[in-house]
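For reference, the structure discussed in these notes is given below.
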Protein chains: 2
Amino acid sequence: MVSKAGRGSISEALLKRFTAGDRAACARIISMIENDSANSADIMSGVYSRVGRAHRIGITGPPGAGKSTIVEKLAAAIRKEDKTVAIIAVDPTSPFSGGAILGDRIRMSSLFTDPGVFIRSMATRGSLGGLALKTKEVCDLLDAFGKDVIIIETVGVGQAELDVAQAAHTTLIVLVPESGDGIQAMKAGLMEIGDIYAVNKSDREGADRLVGEIEMMLEMRSQKNGWSPPVIKTTAIEGIGVDALVENINQHLGYLNRNNLLQGFMEENIRSEIKQLVQQRFSNALWDAQNLNHLLENLIIEVMNGRLSPGEASKRILECWIRECKKG
Amino acid sequence: MVSKAGRGSISEALLKRFTAGDRAACARIISMIENDSANSADIMSGVYSRVGRAHRIGITGPPGAGKSTIVEKLAAAIRKEDKTVAIIAVDPTSPFSGGAILGDRIRMSSLFTDPGVFIRSMATRGSLGGLALKTKEVCDLLDAFGKDVIIIETVGVGQAELDVAQAAHTTLIVLVPESGDGIQAMKAGLMEIGDIYAVNKSDREGADRLVGEIEMMLEMRSQKNGWSPPVIKTTAIEGIGVDALVENINQHLGYLNRNNLLQGFMEENIRSEIKQLVQQRFSNALWDAQNLNHLLENLIIEVMNGRLSPGEASKRILECWIRECKKG
């Protein structure tokens, strides 16, 4: 009991610091979410009434498209509008998440020292499907923390990563002439989910052709809420096109607002978040039970001997859990 | 009752054709797995005693590394050893899965007309985390179908896609000089999971440097079962290095066999497959219940009004389900 009370007061103290705008407290709570800490659910309950004000921008595209540079320049431009920014890097190839290898972070240093910018990378290895859910919770937390804009950078090739980017209010797809043609982007599902397209490194050969390809494919695609995605040429490293990007991002948010699309969007996101949390909660409860783990190990032997399919084994485990619930 | 009996006999007839080696029956069952058909679990139970003989090879790497060309050449080389091959393309940018756009498939035509090669692409869009599980089930099915070698091609940037490639007996990572340096590969998690590394398009500049970088990073990495991953230069489009790849793939399988590592590997895979199937089965059962869907919609309103966190909502749903189980 003492330790439980102790934990409770740690959460309360943390919450107090969090609501007072303490960045270290915010970072600590994110770690608790990442580590599935028992207290993180309580904390999320405590802050949830503050969620719902931030503009969430998902940025995705193939590795090497220059997503991080665009994130950096966008963040700087948004800061000039006196808005605060949080950056969540889910992309394992991003300098925001890859550590200080080869000095990648050096050019970001202006962001790192600005207290109006909060940068966080999410560990992607070994997260086994829980990544999308955790990213959502961290977004919620940073929203509650009072950040005006949350930028989520993912690498637009994996399925989970596309889903994360798409769960933002505004999804920006970054492509480059040499990252393959528009057909590749289409095959990878990038042409279906973007609200805005940036053709980065547009001083290179093939940029105009890529813009044309994207525009052609966007004409063929079924419209997303009646919005026509603009295609913008950028050379982010020199800051070219960044203002146009910011303008279009703001226009997209305005469009969502004017057409009352934010409500439905939030509803869909919350539905999916709750469903995923139910799954997680069930899984935790199930595998906490010793006898079910024992049953699992016995069934694995049956499956390995070819006497049982994994599907049949899963059926028996669920049935056993339901029997336990009835008893308990 | 009639329709149920009717369904049962369809499954039986399909199973009979499947066990007789009918490719169309195999393809049809794969579609049933992909569509979560109610019969697919029965069918998997029916064939599971045949699973466990195929050598599963996962191939991954960044888009544009030439994975599909390597898959094509590997498949052809393996066919020369008189083994049958199945190819599963999870990579949305692969010509195996992207349809006949731009004639990508034309150069694969030798494979498409060989009855000893079975090619299947897995739909990646909208699979919402179920992709890894379904890929495993399709592997099991093709294994039961009698294929000697199963090649699974994924794009090595997404988390789920890396996990799928890693779940094979032998994981081959394909890199190219221009796909960024070894540091990028390391950050993307590719340096941790490979059993064999191919530096493809090795006639291009920077190939030797990349080989050196990979070898250096492999020396730093913690050994996977004591196996030292070879790094092989290939120019797959011209067939250069493909024989060396096949040789090393066979050597790796031999190594796993000699050191009794296959048993533990299979056990781990079956454990993870059962756990994922339990989740899926739970989710299907839960959201089949009308009143829980009703509760969900009510809770979403509470969450949107800031009166409840998604975590608290998920707790109430699970509690409600457990109460229902007790009653039922």
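The values are calculated or read from the model by the stated rules, or taken from the named source; none is laboratory data. This is a predicted model, so every value here is computed, not measured. All Cβ positions, even for glycine, are placed from backbone atoms using ideal geometry, and neighbour counts span all protein chains on display.
Hey, could you check region B:183-202 for residues that are closer than 17 Å to B:Met216 by Cβ and touching a Gly at 6+ places or on another chain (Cβ under 6 Å) and say which is surrounded by the most Cβ atoms within 10 Å (Cβ to Cβ)?
Once the filter is applied, the top-ranked residue is B:Leu190.
Since B:Gln276 meets every condition but one in (1) surrounded by 20 or more Cβ atoms within 10 Å (Cβ to Cβ); (2) at pLDDT 95 or above; (3) at the interface with chain A (Cβ under 10 Å from one of its Cβ atoms), which condition does it not meet?
Every condition holds for B:Gln276 apart from (2).
Could you check region B:155-165 and list, in sequence order, the residues that are assigned to a helix (DSSP H, G or I) and under 22 Å from B:Glu215 (Cβ atoms)?
Hits for region B:155-165 are B:Leu162, B:Ala165.
Let me spell it out: the conditions are (1) over 18 Å from A:Gly58 (Cβ atoms); (2) within 22 Å of the chain's Cα centre (by Cα), and A:Ala188 meets all of them except one. Which number is the exception?
(1)
Looking only at region A:145-158, decide whether some residue is surrounded by 24 or more Cβ atoms within 10 Å (Cβ to Cβ), within 29 Å of A:Arg204 (Cβ to Cβ), within 11 Å of chain B (Cβ to nearest Cβ) and free of Cβ contacts under 8 Å to residues at least 24 places away in the same chain.
yes
Looking only at residues in region B:19-53 that are away from chain A (no Cβ under 14 Å) and not in a helix (DSSP H, G or I), which one is surrounded by the most Cβ atoms within 10 Å (Cβ to Cβ)?
B:Asp22
Among the residues of region B:287-325, how many are in a helix (DSSP H, G or I) and more than 7 Å from chain A (Cβ to nearest Cβ)?
18
Can you tell me which residue in region B:54-66 is nearest to the chain's Cα centre (by Cα), limited to those that are within 12 Å of chain A (Cβ to nearest Cβ) and under 24 Å from B:Leu256 (Cα atoms)?
B:Thr60
Would you call B:Gly103 on the phi > 0 side of the Ramachandran plot, at pLDDT below 90 and either assigned to a helix (DSSP H, G or I) or more than 11 Å from every other protein chain (Cβ to nearest Cβ) (or both)?
Criteria met by B:Gly103.
Yes/no matrix, rows are residues, columns are (1) touching a Phe, Trp or Tyr at 6+ places or on another chain (Cβ under 7 Å); (2) within 23 Å of B:Gly52 (Cα to Cα); (3) crowded, with 17+ Cβ neighbours inside 10 Å:
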position: B:Glu268; (1), (2), (3): no, yes, no
position: B:Phe282; (1), (2), (3): yes, no, yes
position: B:Trp287; (1), (2), (3): no, no, no
position: B:Met304; (1), (2), (3): no, no, no
position: B:Gly311; (1), (2), (3): no, no, yes
position: B:Glu319; (1), (2), (3): no, no, no
position: B:Arg323; (1), (2), (3): no, no, no
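Check B:Asp82, B:Asp91 and return the single one that is free of Cβ contacts under 8 Å to residues at least 60 places away in the same chain and in a loop (DSSP other than H, G, I, E, B).
After ruling out the rest, the residue left standing is B:Asp82.
Can you go through B:Ser202, B:Ser272 and tell me which one is small (Gly, Ala, Ser) and not assigned by TED's automatic domain parsing to the domain that holds B:Gly61?
B:Ser272
Residues that are within 14 Å of chain A (Cβ to nearest Cβ) and touching a residue at least 12 places away in the same chain (Cβ under 8 Å): which helices (runs of 4 or more DSSP H) entirely in region B:166-263 hold 1 or more of them?
Ranges flagged: B:182-187, B:190-193, B:207-220.
What are the residues in region B:67-84 that are buried (at least 19 other Cβ atoms within 10 Å of the Cβ) and either more than 14 Å from chain A (Cβ to nearest Cβ) or touching a Lys or Arg at 6+ places or on another chain (Cβ under 6 Å) (or both), if any?
B:Thr69, B:Ile70, B:Val71, B:Glu72, B:Lys73, B:Leu74, B:Ala75, B:Ile78, B:Thr84
Kindly establish whether B:Ala132 is within 10 Å of the chain's Cα centre (by Cα), closer than 20 Å to B:Arg28 by Cα, within 11 Å of another protein chain (Cβ to nearest Cβ) and of a type in the set (A, V, I, L, M).
yes
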